[in-house]
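Accompanying notes for the structure given below.
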Amino acid sequence: MSFALLAPLGLAALAACTLPILIHLVRRLQLERTEFAALRWISARVQPRRRIRFERPWLLLARLLLLATLALLLARPVLDQVEANGVEHAYIAPGADPAAARALFDRVGVDLRWLAPSFPKAEQPLADHAVPFASLLREADASLPAGATLHVVVPRTLGGLDGERPRLAHALDWHVVDGEANATPVAARATIHFAVRYADEDATSLPYLRAAVAAWNAREPGRYLLDAAPLARGVPADARWLAWLAPSRPAEVDAWVERGGIALVAHDAGGGEPLWRDADGSVLARSRVQGAGRTIALPDRLSPTRLPDVLDARFATLLLDALRGAAGAPDRADAAAFEPARATYEERIDAAPLPGPVRPLDARFALLAAILFVVERVLATHVAQRGAP
Amino acid sequence: MTLQALVPVDVRARLRDLRLALRSHAGGDGLGQHTSRSRGAGLEFAQYRAYEPGDEPRRIDWKLYARSDRYFVREAERDSPLTAWIVVDATASMRHVDRAAPARGKLDAAKTLAACVIELALRQGDRFGLVVLGGDAPRVVPAGAGARQRDRCVLELVQCRPGGAWPAEAAVRPLWERIAPSSLVVLLSDFFDDAAAVLAERLASARRDVASVQLLGADERDFPFRGGHRFVDPESSAERRVEAERVRADFLERFGAARAQLARRFVANGIRHAEYLLDQPADLPLRRLFGAQASSGASGEGAT
């Protein structure tokens, strides 16, 4: 449990505390006029000392407390959510076997949830989502109270990882069960039209592309629609990917690419980032950005002599990654090898405290302010009745 | 407003056993109040009254008995030599009121004391006069006797308001023409102005029997003030800005020394002196001055 302020700038209102202090001081420094005939026997040498003494200190205290409470109220005090009931939190990564996870945590006091956005209960069905696993793991880590242990049940193969192994603030209990993460983002699930336009002399390249698409569809059935046709058909409007297999290409293709298309172009000696290399390191294909789209340029035709990879079993994956572009970064790993590390103490101290689940204290502070106001009024009027100045 | 308003009932009741007397003639317990000059009963005829058992046979008027066949006693008006002058200080410093009793100031107390002395003098049949010092010029009620004289004095007292400073030497001079030697002068003042004490000394050295009452407030005795104060002199408008707690001890010491010195000075000059604090009963200083034990000459015992 810890106390926090959501708007610490509200504490600037504490400056208002100087007002009652000044008021009570000023009243103190006023000298009371008294008619006194025996004046000459009062020593003139002793000057009145301007001592810091407050008139009616209890009233001053009540007023200061009232102002401090109001300032705190402005700063929006919250209490970090308390985990006083000792509930342990266990998370099941999507892809892991829920039955195995339940078997692992089949005891009272374990809150078993999916490692998915907003952490639904394990009993609920898991909806598709696009948030990477590493991000969810860090979020779960940040939302745990200090000192708790993070139980995670993961499949053998993890997906949705990023470049760095997560460093967690809490102790980790890492369980690997059977299963494989299906890390494909749901946003990419739409059907993709892959148009192939070929000149007659390049028609020999077609079987390799057909084989690659067939391999894709074997993994994701019916997702990739191949539309192979001669050059005369032109570029279809609904195609997302295009393979232009011809010695020359019209400006129409470049315009389509610049509108956001991704094209695999043969017979293109233009520049770009090296994409594929052979065993000697010479560049086999280059990728270059063209407007909103991208071109994968092959210097020659798509044939085993120029590009031995087309005969390789990896070609389908290579081509898919090249066309998908950003998906090229590896995001899958073996779960046992990927066990996150514990953050060092310094890292944990430096880490900005994430706003976890908090309980607002506004109502309590408002009530306290009201009570203090009543006390202040009672004190002020009570002393006034006694005839104080 | 009458004498009853000036003198509380209980004080009035306690005045009964007090006697105004001159110190120089004190000591005898004869027939009259003032033994030296009074010739006993029958110096100046006043009235006849019927004989009552206990009257001396020699006081019966036998000639009248012969004419009327009844016993009558001649009564004579006693010739009192005593003239009591009451001098009231009504300067601005007498405006002082205590915080505890803001309704009754020093001048009110002085009026009460003056009324008590008037009451005593009236009861003894003595002549009395009143002098009020303060304001523009001294106001004088010439000496006289009787109830009407008392009313004149009480009226003057009631109308009197504090203000001004102690009159100059020249303004006080007419008093010497009126206050005859061997009169009793009761001086009611706070004696904060040295001129008052000087006047008392001069009167005493010129064969006037002076009894002085120094009126002091309870605040002057206790100095109960707290915190910062701006003390203002009502007469000179001088002021002192002090922290009351810090000057208290010093003030009490110096003020007490001043009071003791005044008492010693008056004793040395043969002046009966008593202090009267405003929270005391009004007959207390008179008892010290004119009570039975005071008449034997133990004067100046007013120090509390």
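For the subset of the range A:23-38 comprising residues that are at pLDDT 75 or above and at the interface with chain B (Cβ under 7 Å from one of its Cβ atoms), which member is farthest from B:D193 (Cα to Cα)? So that I can check it myself, show each step before the final result.
So in the range A:23-38, the residues at pLDDT 75 or above come out as A:23-25, A:32-38.
Of the ones still in play, those that are also at the interface with chain B (Cβ under 7 Å from one of its Cβ atoms) are A:32-38.
Details: A:E32: 25, A:R33: 22, A:T34: 19, A:E35: 16, A:F36: 14, A:A37: 10, A:A38: 10 Å.
Among residues in the range A:23-38 that are at pLDDT 75 or above and at the interface with chain B (Cβ under 7 Å from one of its Cβ atoms), the one farthest from B:D193 (Cα to Cα) is A:E32.
Please specify each residue of the range B:173-231 satisfying the condition of being surrounded by 17 or more Cβ atoms within 10 Å (Cβ to Cβ), away from every other protein chain (no Cβ under 14 Å) and basic (K, R).
B:R208 - this is the single residue of the range B:173-231 that is surrounded by 17 or more Cβ atoms within 10 Å (Cβ to Cβ), away from every other protein chain (no Cβ under 14 Å) and basic (K, R).
Considering the range B:232-248 alone, what residues qualify as being farther than 21 Å from B:G134 by Cβ, without any contact (Cβ under 8 Å) to a residue 12 or more places away in the chain and more than 7 Å from chain A (Cβ to nearest Cβ)?
Once the filter is applied, which keeps residues that are farther than 21 Å from B:G134 by Cβ, without any contact (Cβ under 8 Å) to a residue 12 or more places away in the chain and more than 7 Å from chain A (Cβ to nearest Cβ), the range B:232-248 yields only B:E239.
Name the one entry in B:L133, B:L113, B:L203 that is hydrophobic (A, V, I, L, M, F, W, C), at pLDDT 90 or above and in contact with an Asp or Glu (Cβ under 8 Å, 6 or more places away or on another chain). Spell out the reasoning first.
Values: B:L113 fails: in contact with an Asp or Glu (Cβ under 8 Å, 6 or more places away or on another chain); B:L203 fails: in contact with an Asp or Glu (Cβ under 8 Å, 6 or more places away or on another chain).
None of the other options fit; the residue is B:L133.
If we only count strands (runs of 3 or more DSSP E) wholly inside the range A:214-296, which ones have 1 or more residues that are surrounded by fewer than 19 Cβ atoms within 10 Å (Cβ to Cβ)? Explain how you work it out, then say what you get.
On the way: elements: A:224-230, A:241-245, A:262-265, A:273-277, A:283-290.
Strands (runs of 3 or more DSSP E) meeting the threshold: A:224-230, A:273-277, A:283-290.
So which helices (runs of 4 or more DSSP H) are wholly in the range B:1-75 and hold at least 2 residues that are under 30 Å from B:D108 (Cα atoms) and at pLDDT below 85?
The qualifying helices (runs of 4 or more DSSP H) are B:3-6.
When the residues of the range B:100-135 are filtered to those that are under 27 Å from B:A21 (Cβ atoms) and in contact with a Gly (Cβ under 8 Å, 6 or more places away or on another chain), which remaining residue is nearest to the other protein chains (Cβ to nearest Cβ)?
Here the answer is B:K106.
Are there any pairs, at least 6 apart or on different chains, whose C-beta atoms fall under 7 Å, with the first in the range A:329-348 and on the phi < 0 side of the Ramachandran plot and the second among the hydrophobic types (A, V, I, L, M, F, W, C) and assigned to a loop (DSSP other than H, G, I, E, B), and if so, which?
Going by the 7 Å Cβ cut-off, the qualifying pairs are A:D331/A:L161; A:D331/A:A183; A:R332/A:L161; A:R332/A:A183; A:A333/A:L161; A:F338/A:L161; A:A343/A:A169; A:R348/A:A169.
Consider B:V97 carefully, then state whether it is within 14 Å of chain A (Cβ to nearest Cβ), more than 26 Å from B:A168 (Cβ to Cβ) and buried (at least 17 other Cβ atoms within 10 Å of the Cβ). Give the steps one after another, and end with the answer.
Details: within 14 Å of chain A (Cβ to nearest Cβ): yes; more than 26 Å from B:A168 (Cβ to Cβ): yes; buried (at least 17 other Cβ atoms within 10 Å of the Cβ): yes.
For B:V97, the condition - within 14 Å of chain A (Cβ to nearest Cβ), more than 26 Å from B:A168 (Cβ to Cβ) and buried (at least 17 other Cβ atoms within 10 Å of the Cβ) - is met.
Identify all residues within the range A:239-287 that are among the basic types (K, R) and within 21 Å of A:S303 (Cα to Cα); write none if there are none. Give the steps one after another, and end with the answer.
Just the residues of the range A:239-287 that are among the basic types (K, R), to begin with: A:240, A:249, A:259, A:277, A:286.
Of everything in the range A:239-287, those that are among the basic types (K, R) and within 21 Å of A:S303 (Cα to Cα) turn out to be A:R249, A:R277, A:R286.
Identify, by number, the condition in (1) under 40 Å from the mean Cα position of the chain (by Cα); (2) assigned to a helix (DSSP H, G or I); (3) surrounded by fewer than 16 Cβ atoms within 10 Å (Cβ to Cβ) that A:L209 doesn't meet.
So the condition that A:L209 fails would be (3).
Quick one: would you say A:A140 is touching a residue at least 60 places away in the same chain (Cβ under 8 Å) and of a type in the set (A, V, I, L, M)?
Working: touching a residue at least 60 places away in the same chain (Cβ under 8 Å): no; of a type in the set (A, V, I, L, M): yes.
So A:A140 does not fit the description; no.
For the range A:132-158, how many residues meet the condition of being outside any strand (DSSP E or B) and under 18 Å from A:F119 (Cβ atoms)?
Step one: of the range A:132-158, the residues outside any strand (DSSP E or B) are A:132-148.
From the residues that got through so far, the ones that are under 18 Å from A:F119 (Cβ atoms) too are A:132-145, A:148.
Here the count works out to 15.
Report, by residue number, each residue of the range A:189-202 that is small (G, A, S) and either touching a residue at least 40 places away in the same chain (Cβ under 8 Å) or part of a strand (DSSP E or B) (or both). Even if it seems obvious, please write down each step before you answer.
Kept after step one, since they are small (G, A, S), are these residues of the range A:189-202: A:190, A:195, A:199.
Selection gives A:A195, A:A199.
State whether the residues of the range A:42-59 include one that is modelled with pLDDT of 85 or more and away from every other protein chain (no Cβ under 14 Å).
At the first step, the residues of the range A:42-59 found to be modelled with pLDDT of 85 or more are A:42, A:58-59.
Narrowing further to those that are away from every other protein chain (no Cβ under 14 Å): A:58-59.
The answer is yes; a qualifying residue exists.
Name the residue, out of A:A96, A:A122, A:A101, that is modelled with pLDDT of 80 or more, of a type outside the set (K, R), in contact with a Gly (Cβ under 8 Å, 6 or more places away or on another chain) and over 23 Å from A:L9 (Cα atoms). Give the derivation first.
Working: A:A122 fails: in contact with a Gly (Cβ under 8 Å, 6 or more places away or on another chain); A:A101 fails: in contact with a Gly (Cβ under 8 Å, 6 or more places away or on another chain).
Unique residue meeting the criteria: A:A96.
Residues that are surrounded by fewer than 20 Cβ atoms within 10 Å (Cβ to Cβ) and among the charged types (D, E, K, R): does the range A:124-133 have at least one?
Looking for residues that are surrounded by fewer than 20 Cβ atoms within 10 Å (Cβ to Cβ) and among the charged types (D, E, K, R), one finds at least one in the range A:124-133, hence yes.
Could you list all residues from the range B:129-148 that are part of a helix (DSSP H, G or I) and in contact with a Leu (Cβ under 8 Å, 6 or more places away or on another chain)? Explain how you work it out, then say what you get.
Taking the range B:129-148 first, the residues part of a helix (DSSP H, G or I) are B:147-148.
Once the filter is applied, which keeps residues that are part of a helix (DSSP H, G or I) and in contact with a Leu (Cβ under 8 Å, 6 or more places away or on another chain), the range B:129-148 yields only B:A147.
May I ask you to verify whether A:R197 is modelled with pLDDT of 85 or more and either surrounded by 15 or more Cβ atoms within 10 Å (Cβ to Cβ) or under 26 Å from A:W256 (Cα atoms) (or both)? Steps first, answer last, please.
Details: modelled with pLDDT of 85 or more: yes; either surrounded by 15 or more Cβ atoms within 10 Å (Cβ to Cβ) or under 26 Å from A:W256 (Cα atoms) (or both): yes.
Here the answer is yes, as A:R197 does meet what is asked.
Just one of the numbered conditions (1) under 28 Å from A:A255 (Cα atoms); (2) free of Cβ contacts under 8 Å to residues at least 40 places away in the same chain is not true of A:L320; which one?
(2)
Which number in (1) in contact (Cβ under 8 Å) with a residue 60 or more places away in the chain; (2) out of contact with any Asp or Glu (no Cβ under 6 Å at 6 or more places or on another chain) marks the one condition that B:F128 misses?
Condition (1) is where B:F128 drops out.
Considering only the range B:257-268, state which residues are surrounded by 13 or more Cβ atoms within 10 Å (Cβ to Cβ) and more than 9 Å from every other protein chain (Cβ to nearest Cβ). Don't jump to the end; show me each part of the working.
Looking only at the range B:257-268, we keep the residues that are surrounded by 13 or more Cβ atoms within 10 Å (Cβ to Cβ), and these are B:258-259, B:262-267.
Those that are surrounded by 13 or more Cβ atoms within 10 Å (Cβ to Cβ) and more than 9 Å from every other protein chain (Cβ to nearest Cβ): B:R259, B:L262, B:A263, B:R264, B:R265, B:F266, B:V267.
The values are calculated or read from the model by the stated rules, or taken from the named source; none is laboratory data. Quick caveat, the model's predicted, so the values are computed rather than measured. For neighbour counting, all protein chains shown are included, and Cβ atoms are generated from backbone atoms with ideal geometry for every residue, glycine included.
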